[in-house]
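Down below is the structure, laid out as structure tokens.
The values are calculated or read from the model by the stated rules, or taken from the named source; none is laboratory data. Owing to the predicted nature of the structure, the values given are computational and were not obtained by experimental measurement. SASA here: full protein model, heavy atoms, side chains in, ligands and nucleic acids out. Shrake-Rupley method; radii C 1.70, N 1.55, O 1.52, S 1.80 Å.
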Amino acid sequence: MLLRVVLKSLARRRLRVAVAALAVALGSLLVSSLAVLSLSVAQQARQELRAYGANLLLVPQSVSAPVGLGALGMGTVAEAAELPPATLEQLASSPPTDVIAYAPFVYGLARLGDGSQSADVVVSGTNLAQAQALSPWWQVAGAWPATLPPTGPRQALVGTDISQKLGVAIGQEIALSGPGGQSSWRVSGVLSTGGSEDSQIVMDLAPAQSLLGRQGVDLVQLRAQGRQPALEATARGLEAAIPGSQARVVRQVASAESSVVAKVQGLMALVAMLVLVAASLAVFSTMATTVLERTPEVGLMKALGASPNRIGLMFTLEATAIGAAGGLTGFALGLAVAQAIGKSVFGSYLPASLWALPATIAVALAVALLASLWPIRRAVRIEAARILRGE
Amino acid sequence: MEPIITAHALTKRYNGTTALDRVDLTVAPGEWLAIMGPSGSGKTTLLNLIGCLDLPSEGKLLVAGTEVSRLSGKDLTRFRRETVGLVFQQFYLVPYLTALENVMLAQYFHSIADEAEARQALDEVGLGGRLRHLPSQLSGGEQQRVCIARALINEPKLVLADEPTGNLDRANEDLVLGLFKRLHEQGHTVVMVTHDPEVAGLAQRTVHLDHGRLAEAVPTASG
């Protein structure tokens, strides 16, 4: 009987109830779409932030030894070391599970040109394909070097600063001489990274090692998944797996990730909260007006013997119906909105999370019930005698 | 036989104004009592106190052997739904429920809604063909008959009516008063507030209230 009364009462005031449910639906829409977006944005943002490059560096453990004469200590001397070729073989054969991308680097000084026109330049050798994957923001005007050009000399990239200062152009053939010998190179493109590479000549690892007379590499840049603690664990794992190496977390990138994601989530939560407050006000207004309008009806019910609990239950059921209807509608619309945003911003549909539906319904019900507390309390306190006296 | 209503020095004040002033009254089981008096004389206040809708400020009130003036709000509600049937002047009905559902609502608040019983109650007041009509689709007389069916559905010991014919035309007034006569003949105790001496004439006894005080008790022709 109570359910029949509630349903008929809602049906009678369907327009007002629909407006209140719509307000809750709008709030729920934002909550559900923001919930899906917040989670996905966090994931997407991490992926996007991965474009900021390496968050781990693998470097050789520096060998140091105390220097002194008898009891007179004269400090320590450190010997520059390199990561042996076995390091790369090991990384290639059994890469750590958390590592998404990595690239080895060898650096050295070489002489560009000959005679009075020559200048010292830093040569950087790397696996170009791996470097490109690790640092997708690298811009190349011209073309990436072909690994094995069909004819002519090997190819290299020239940093944009060198290109401008020394007037080296795309397609130009340059001579480089280093500790390993002298060789000719064709400039396939001009590299612009916004970093130190702009002042370097970048080429494939093996010819660079040959030019610089080196066997190993100076460092390996790695991009690993996870936040700071996970990165530390990965670093320790690398050190254990590769003897003679030392892994360091690039803290700025790792903390920037956490900070950006936290800020995005905080902003979304703030917007959702404000919208929910607005929805609460709409439900409050509807329920308060309803109780006011139905005061004679409540007085009659009390005169007929309805207990305050039953009156409270009746209005609570009405508020629950508004909350549930708004929550369900909001969830469905929110999911659609989140997908539309996901498609337009990230270019892919966002994964629906299992907890979004119950969470959205719970929030909608909480909004509807909390906003109805005062009107319900008022309804429960209506005195039959005062109403029947016409007060 | 023990009176069904015993009021002793019954007093009710609202914000310092005395609506009912030391009223002494007894009503025997099966009696039809009419309460008359000008507007503001305290008729409805007395009826609300007897109907357990309100508590007296002072005095003692016994209804069906229970001292209702000492009951808490919760007990008062339970006592009211089990003992009293109420009929109002303004045919208070829930506007979005049908005639049948309005009667069933009183059953629900009392115990369990029973559609067959509610149907029979409406049949008895001549509304067997108007069960599914909303109050807005019923005439004033029909609405008041729904109220009477609703007041009687839980078989109360006491039927209280506040100007039950006040808003009805002559034909409907006769119809409704005919129902009260039948109730009285069946042994129900009826306490009716009225302005109309003709209506009061149907009661066994009439009491007059003036400025909250009981003026006199007059046995009527039917008494």
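Under the definition of Cα pairs under 8 Å and six or more residues apart, what whole-number percent is the relative contact order of segment B:5-162?
Numbers: 251 pairs, mean separation 36.3, N = 158.
The value is 23 percent.
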Using a 1.4 Å probe on the protein heavy atoms, what percent of the accessible area of the protein assembly as shown belongs to carbon and sulfur?
57
From the backbone phi of segment B:177-185, what are the Karplus-calculated ³J(HN,Hα) couplings (6.51 cos²θ - 1.76 cosθ + 1.60, θ = phi - 60°) in whole Hz, Gly and Pro given as x?
5, x, 5, 5, 4, 4, 4, 4, 4
DSSP-defined beta bridges in the protein assembly as shown - what % are antiparallel, rounded to 5
70
Where both residues lie in chain B, what percent of DSSP beta bridges are antiparallel, nearest 5?
55
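What accessible area, summed over both chains, is buried at the B-A interface (1.4 Å probe, Å², nearest 100)? Present the calculation step by step, with values, prior to reporting the outcome.
Numbers: alone 10550 and 20030 Å², together 28130 Å².
Using a 1.4 Å probe on protein heavy atoms, the buried area is about 2500 Å².
Rounded to the nearest 500 deg cm²/dmol, what is the calculated helix-only ellipticity per residue at 222 nm for chain B, with -39500 (n - 2.57) per DSSP H run of length n ≥ 4? Spell out each step's value before the answer.
Numbers: 7 runs with 74 residues, N = 223.
Dividing the helical sum by the residues of chain B leaves -10000 deg cm²/dmol.
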In segment A:1-26, which residues become less accessible by 30 Å² or more once every protein chain is in place, relative to the chain on its own, using a 1.4 Å probe?
A:1, A:2, A:4, A:5, A:8, A:12
Most mobile listed residue (B:164, B:135, B:38) in chain B, GNM with C-alpha springs under 10 Å:
B:38
Per residue, how many Å² of accessible area does segment B:1-146 show with a 1.4 Å probe?
41
Using alpha carbons only, how many degrees (0 to 90, rounded to 10) separate the axis of helix B:140-152 from the longest principal axis of chain B?
70
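Answer rounded, prolate or oblate for segment B:38-180, using the Cα gyration tensor with square roots of eigenvalues a ≥ b ≥ c: rounded when a/c is under 1.5, else prolate when a/b is larger than b/c, else oblate.
Numbers: a/c = 2.30, a/b = 1.43, b/c = 1.61.
In terms of gyration-tensor shape, oblate.
So which of A:263/A:343; A:302/B:157; B:12/B:74; A:8/B:74; B:60/B:157; B:74/B:181 end up more than 25 Å apart, counting from Cα to Cα? Could you put the intermediate results ahead of the total?
Numbers: A:263/A:343 22 Å; A:302/B:157 19 Å; B:12/B:74 20 Å; A:8/B:74 27 Å; B:60/B:157 20 Å; B:74/B:181 33 Å.
Beyond 25 Å between Cα atoms: A:8/B:74; B:74/B:181.
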Test assert for segment B:53-95: residues whose accessible surface shrinks by at least 30 Å² between chain alone and all chains, 1.4 Å probe, equal B:53, B:77, B:80, B:81, B:88, B:92, B:94, B:95
